[in-house]
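First comes the structure, then the notes that go with it.
The values are calculated or read from the model by the stated rules, or taken from the named source; none is laboratory data. This is a predicted model, so every value here is computed, not measured. Every residue, glycine as well, gets a Cβ built from its backbone with ideal geometry; the counts of neighbours run over all protein chains shown. Side chains are part of the model used for accessible areas, which takes the heavy atoms of the whole protein and leaves out ligands, DNA and RNA. Shrake-Rupley method; radii C 1.70, N 1.55, O 1.52, S 1.80 Å.
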Amino acid sequence: MPLKKIAVLVSGRGSNLQTIIDNIEKGNINGKIEIVISSKKNSYALERAANHNIEGMYIGKKNYPDIDKRNNKIIEILQERKIDLIILAGYMSILSEKLVKLYRNRIINIHPSLIPSFCGKGFYGFKVHEAVLEYGVKLTGATVHFVDEGTDTGPVILQKAVNVDSDDTVDTLSKKVLKIEHELLPLGVKMFCEDKLQVKGRKVRISID
Ligand code: GRF
């Protein structure tokens with residue numbers, strides 16, 4: 001099976017990008033990262049890409065202030081490189097409907113809660129964990145899902161829960177969830193790259209050989 005060509009879209013620290021890089025280097029994922037696109041100019045994620053000789057590029061509000069032009073530039077880069085899979089790894093910008101339609105069921109996102117709880121507009125970064133603690137739920141977790149036109153509404157691929165303990169803070173909870181993200185995202189990407197994910201409506205079927 002040919003290696004899947006992967007683009008990773010990032011905005012910050014890039015710890016999820018790092019897990020993908022590490023898993024590819026270990027031979028766990030049948031793919032190659034062709035490009036890392038960052039919506040922030042000096043993100044640490046771009047540094048991580050450079051450390052592994054992966055091409056990195058800044059496409060953000062400063063060099064492409066117009067949202068349509070920005071998205072069209074991203075599409076151009078993806079098409080030039082014949083990208084099979086787009087991974088949103090902490091990408092904090094909005095993708096255009098055009099891009100989402102072009103790459104239907106080929107864009108994977110990681111979200112730090114159990115969707116459909118604590119997701120959608122306004123639920124990003126620490127805000128998710130703050131809301132979890134504020135609500136008092138006993139479980140939270142991470143979700144890997146395909147991206148559709150909505151915010152965090154696409155078909156769910158994988159989920160895993162963690163306990164919310166009474167002494168948890170945003171800091172401890174985000175660390176617990178991040179640990180799970182680092183397990184789930186490479187696993188979802190691995191499955192995609194082995195053609196093991198079939199999407200029917202909202203349901204994602206994982207084939208086991
Ligand atoms: C992660 O918590 C991810 O779920 C969310 O943004 C964060 C990105 O972290 N979408 P990193 O940049 O991968 O370290």
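Brief remarks follow.
- Centre-to-centre, using Cα atoms only, segment 109-124 and segment 178-209 are separated by 18 Å.
- In degrees, nearest ten, helix 126-135 long axis to first principal axis of the chain (Cα): 20
- 3J(HN,Hα) from dihedral phi, segment 174-185, Karplus parametrisation 6.51/-1.76/1.60, rounded to Hz, x for glycine, proline: 5, 5, 4, 5, 4, 4, 5, 4, 5, 8, 6, 5
- The peptide list 184-192, 27-35, put in order of mean Cβ contacts within 10 Å with the highest first, becomes 184-192, 27-35.
- In terms of packing, defined here as the mean over residues of other Cβ atoms within 10 angstrom, the peptides 91-97, 36-42, 76-82 line up highest first as 36-42, 91-97, 76-82.
- Prolate/oblate/rounded label for segment 83-209 (Cα gyration tensor, a/c 1.5): prolate
- Spin-label proximity, residue 105 to segment 173-206 - amide N less than 14 Å from point 7 Å beyond Cα toward beta carbon: 192-193, 195-206
- Computed from backbone phi, the HN-Hα couplings of segment 192-206 come to 4, 5, 9, 6, 9, 9, 10, 9, 10, x, 8, 9, 10, 9, 9 Hz, rounded to whole numbers (Karplus: 6.51 cos²θ - 1.76 cosθ + 1.60, θ = phi - 60°; Gly and Pro given as x).
- Sulfur and carbon atoms: percent of accessible area, segment 1-103 [1.4 Å]: 49
- Each residue of segment 143-150 was assigned a 3J(HN,Hα) from its phi angle through the Karplus curve 6.51 cos²θ - 1.76 cosθ + 1.60 (θ = phi - 60°); the sequence is 10, 9, 9, 6, 9, 10, 6, x Hz, with glycine and proline shown as x.
- Radius 13 Å from Cβ of residue 118, net charge of other residues (Lys, Arg +1; Asp, Glu -1): -1
- Of the residues 87, 21, 110, the one that moves most in a GNM of the chain with alpha-carbon contacts below 10 Å is 21.
- Accessible area expressed per residue, segment 1-103, with surrounding protein chains retained (probe 1.4 Å, Å²): 50
- Cβ-defined net charge surrounding residue 4, 13 Å radius [Lys, Arg +1; Asp, Glu -1]: +3
- Net charge of neighbours whose Cβ lies under 15 Å from the Cβ of residue 68, counting Lys and Arg as +1 and Asp and Glu as -1: +3
- In this structure segment 110-209 gives 54 Å² per residue of accessible area when probed at 1.4 Å with all protein chains present.
- Using a probe radius of 1.4 angstrom, the carbon and sulfur fraction of the accessible surface of segment 110-209 is 55%.
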